[in-house]
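Quick notes on the structure that follows.
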Amino acid sequence: MDNLDKDRIIDASLIESDVAPQPSAPYQTQPTSSIEEDTKRWAVLLHLSTLLGLVSFGFGLIVPIVLWQWKKTELPAIDAHGKVVANAILSYFAYSVLAFILLFVLIGFVLFWVLGILFILYPLIGAIKASKGEVWPYPLCFKFFK
């Protein structure tokens, strides 16, 4: 290596950068995308928590309502999912009472089977839609909460 190359190397190392340092981003408590992801996660959990009713009626009723009330102020988008789930729970109860009455004319059994299938199917569809950020009102459910 000759002296000319050494001078170039030294000269290049002494050159200051013309690029000014970038200011740091202002502090955020929680990025928007993180809030959206939290909302999706809690919404999915809210829909699936109704399936706890398969284990115990009380869990399937209480857990979704508690989750909804707990998270709706922190994550406002949860409120819409909570209303959908609460409407579904109350509608299932109303349809179950009707099915019980219709048991005496032997068509209540069919209604109970249909309710059982919908009780499993609708929360699964609602959870899938919630994971995509959509609110899906369950079909055939009364609108107790708007």
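Bear in mind these aren't lab numbers, they're just calculated from the coordinates by the rules spelled out. Bear in mind the structure is a predicted one, so any value in this text is a computation, not a measurement. Cβ sites come from the backbone with ideal geometry, for glycine too, and all protein chains shown count toward neighbours.
General remarks:
- Pair residue 38, residue 113: separation of 7 Å Cα→Cβ label points (nm): 4.6
- Cross-link partners of residue 71 among lysines, defined as those whose alpha carbon lies under 30 angstrom from its own and excluding same-chain residues fewer than eight positions apart: 40, 83, 129, 132, 143, 146.
- Taking the range 62-119 and dividing mean pair separation by its residue count, relative contact order in percent (alpha carbons under 8 Å, at least six apart): 22
- Residue 143/residue 98 FRET efficiency (R0 25 Å; Cβ-Cβ; nearest 0.05): 0.90
- Gyration tensor (alpha-carbon) shape descriptor, the range 74-116, a/c threshold 1.5: prolate
- Local net charge near residue 44, Cβ-Cβ under 15 Å (Lys/Arg +1, Asp/Glu -1): +1
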